[in-house]
1. Looking only at residues in the range 60-76 that are under 15 Å from ASN46 (Cβ atoms) and in contact (Cβ under 8 Å) with a residue 12 or more places away in the chain, which one is surrounded by the most Cβ atoms within 10 Å (Cβ to Cβ)?
2. Using the structure shown, decide if ILE33 is aliphatic (A, V, I, L, M) and free of Cβ contacts under 8 Å to residues at least 60 places away in the same chain.
3. With respect to the numbered conditions (1) under 12 Å from the mean Cα position of the chain (by Cα); (2) more than 23 Å from PRO69 (Cα to Cα); (3) not basic (Lys, Arg), which one is the sole condition not fulfilled by ILE29?
4. Quick one: ILE40 ticks every box in (1) touching a residue at least 40 places away in the same chain (Cβ under 8 Å); (2) closer than 16 Å to LYS11 by Cα; (3) not acidic (Asp, Glu) bar one, so which box is it?
Amino acid sequence: MNLYQQLINQKIKTITPEELVSYSHDYGIPLTIEEAKKIIHIARTNKINVFNPQERAKWVRELAKITSPQTAKQANELFLKFVNKK
């Protein structure tokens, strides 16, 4: 795992619900504080590498259960933008 990947994964593990909601609104993804809390709980209790397509797909399915399929799709598209930057 390179430094960029480590930084992204570290941010996922340390983000606050308020930060996540703020970022989601910046990118046009609707998210409530309660949804953000659930998402962060999953991210902190499971090892999720968003750079691994299989792990990300599993995470997106979980995200769809917490939020909506549309929100999960938008989040995945956002992750893909970051993943492809390398």
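1. Keep residues of the range 60-76 that are under 15 Å from ASN46 (Cβ atoms), which gives 60-63, 65-66.
Those left that are additionally in contact (Cβ under 8 Å) with a residue 12 or more places away in the chain: 60, 62-63, 66.
Details: VAL60: 17, GLU62: 16, LEU63: 25, ILE66: 17.
Step by step, filter the range 60-76, then rank; the result is LEU63.
2. Numbers: aliphatic (A, V, I, L, M): yes; free of Cβ contacts under 8 Å to residues at least 60 places away in the same chain: yes.
In short, yes.
3. Result: ILE29 fails condition (2) only.
4. (1)
Table: residues versus (1) modelled with pLDDT under 90; (2) over 20 Å from GLU62 (Cα atoms).
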{"site": "ASN2", "(1), (2)": "yes, yes"}
{"site": "THR14", "(1), (2)": "no, no"}
{"site": "ILE33", "(1), (2)": "no, no"}
{"site": "ILE39", "(1), (2)": "yes, no"}
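The values are calculated or read from the model by the stated rules, or taken from the named source; none is laboratory data. Model, not experiment: these values are computed from the prediction. Here the Cβ is made from the backbone with ideal geometry for all residues, glycine too, and neighbour counts use every protein chain on show.
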